[in-house]
Amino acid sequence: MKQDMIVILDLGSTENTTIARQIRDLGVYSEIHPHDITPDELKALDNVKGIVINGGENRIVDGVAIDVNPAIYDCGYPIIAIDHEPAKCEKKYADMPSEADIKSFLFDTCKAEANWNMKNFIDDQVEIIRRQVGDKKVLLALSGGVDSSVVAALLIKAIGKQLVCVHVNHGLMRKNESESVVEIFRNKLDANLVYVDATDRFLGKLEGVADPEEKRKIIGGEFIRVFEEEARKLEGIDFLGQGTIYPDIIESGTKTAKCVKSHHNVGGLPEDLQFALVEPLAQLFKDEVRACGVELGLPAEMVYRQPFPGPGLGVRCLGAITRERLEALRESDAILRDEFAKAGLDKTVWQYFTVVPDFKAVGVRDNARSMGYMCVIRAVNTIDAMTATIERIDYDILEKIADRITAEVPSINRVVYEITKKPVATIEFE
Ligand code: XMP
């Protein structure tokens, strides 16, 4: 390992991630580990320079007081303790230490080097992945989202063609999205990429299905079946790569933190398809994942891509999906994104997209009455997607978008702007 590390022992405090972030922002790599880590496990981590024990108010878990393994006090690592009473430590703090205190702990006491950067992270991970995988093969579901793209690029750097990427186009991707996955990964990064155009299969299963939950279930279930079929065709795969990132792990709950929501991965695969996992981004926060992608040479559109739901345009083509309406949705969404980019809004707005409901309204086209679809613009800002506010888009920009959509998408004759917060609305419509 090239990077010095500070270990935070997890006694259930919600501040642990803030401290980890603060230490990383000061240039020193930091990881959170279970409170009962043993001295041998600590030594095996390589390059540990110091330990932070953060007691917090959650030290009682399920009625039982938890504590660190006392043997770690005799390992010789400098330790600071926050809101906790350890046997031996450099310093105790009743509250969160100041940045100056943390700096002094890192650089004066632990003599850590500020060598946490993406280049070193990538070098370390390449070495770790090569050691883990050896000459075996790794399979990866490459959706084209930020996490799966970055993990693919990292695995390609580490093991090249031993990585087999499978990109399933469910026909619900945005305009040119699958094409750009093929262009970047197969043509630019020379990846071993299996591209599956499953559009007809997905749209066939979805035909006439109007219930949002049913649609989601069909899309999710079918995705796993297609991926599984591809996996069975491939010989000698021992590992499954995953773009698990640190917030996924925190949300799934640790020994001392409650589960917020289960972490979804390709976990629906049948039990006879058993793989060991390769998860090289598991310690990174989202912005660090993006920085890693940039360092690996991925294009900005891919790395700074706005969130996109797994069921894709399927949950924005409201009710029973038809090809005509899906096309209207895809084209209007592309126009919206283009105009947002021209106005610089793509850099500031968290998520923006169009929605096409399943009814027609009256309009006038070529001096004649005509029925057309309505297109809804949604543009929201949020920190955590649990609540969201609307973006106050300039009227001139809105009008330009409406003019372009109605001119370039013949089946749409109305454009409206949605102005509801979450709650009471959700961000998506289905
Ligand atoms: P809602 O509609 O619940 O959306 O306010 C919150 C955020 O989650 C995204 N979203 C999904 N992401 N799979 C995903 O990966 C899904 O099934 C899914 N549904 C919603 C949504 O785009 C928004 O960013």
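The values are calculated or read from the model by the stated rules, or taken from the named source; none is laboratory data. From a predicted model like this one, the values you see are computed outputs, not experimental measurements. Ideal geometry is used to build each Cβ from the backbone, glycine not excepted, and the neighbour counts take in all protein chains shown. Surface accessibility is based on the protein's heavy atoms, side chains included, excluding ligands, DNA and RNA. Shrake-Rupley method; radii C 1.70, N 1.55, O 1.52, S 1.80 Å.
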May I ask you to verify whether ALA94 is of a type in the set (A, V, I, L, M, F, W, C) and in the same structural domain as GLU183 (by TED's automatic domain parsing)? no
Go through region 334-430 and tell me which strands (runs of 3 or more DSSP E), entirely inside it, have 1 or more residues that are open to solvent by 80 Å² or more (accessible area, probe 1.4 Å), within 16 Å of the ligand (Cβ to nearest atom) and closer than 29 Å to VAL209 by Cβ. none
Search region 260-297 for residues being of a type in the set (Gly, Ala, Ser), farther than 12 Å from VAL146 by Cα and under 17 Å from the mean Cα position of the chain (by Cα), and hand back the single one that is modelled with the lowest pLDDT. SER262
Search result, residues across region 199-247 that are in a helix (DSSP H, G or I), acidic (Asp, Glu), open to solvent by 40 Å² or more (accessible area, probe 1.4 Å) and within 16 Å of the ligand (Cβ to nearest atom): GLU213, GLU214
For residues in region 1-23 being open to solvent by less than 10 Å² (accessible area, probe 1.4 Å) and part of a helix (DSSP H, G or I), which is modelled with the lowest pLDDT? ASN16
Is it fair to say GLY76 is small (Gly, Ala, Ser), farther than 26 Å from LEU284 by Cα and either surrounded by fewer than 16 Cβ atoms within 10 Å (Cβ to Cβ) or out of contact with any strand residue (DSSP E or B) (no Cβ under 9 Å at 6 or more places or on another chain) (or both)? yes
Can you spot a residue in region 48-70 that is part of a strand (DSSP E or B), without any contact (Cβ under 8 Å) to a residue 60 or more places away in the chain, open to solvent by less than 50 Å² (accessible area, probe 1.4 Å) and over 14 Å from MET5 (Cβ atoms)? yes
Checking ALA65 against (1) small (Gly, Ala, Ser); (2) at pLDDT below 90; (3) closer than 20 Å to LEU284 by Cα, which test does it fail? (3)
Any residue in region 320-331 that is open to solvent by 40 Å² or more (accessible area, probe 1.4 Å), within 14 Å of the ligand (Cβ to nearest atom) and not assigned by TED's automatic domain parsing to the domain that holds PHE223? no
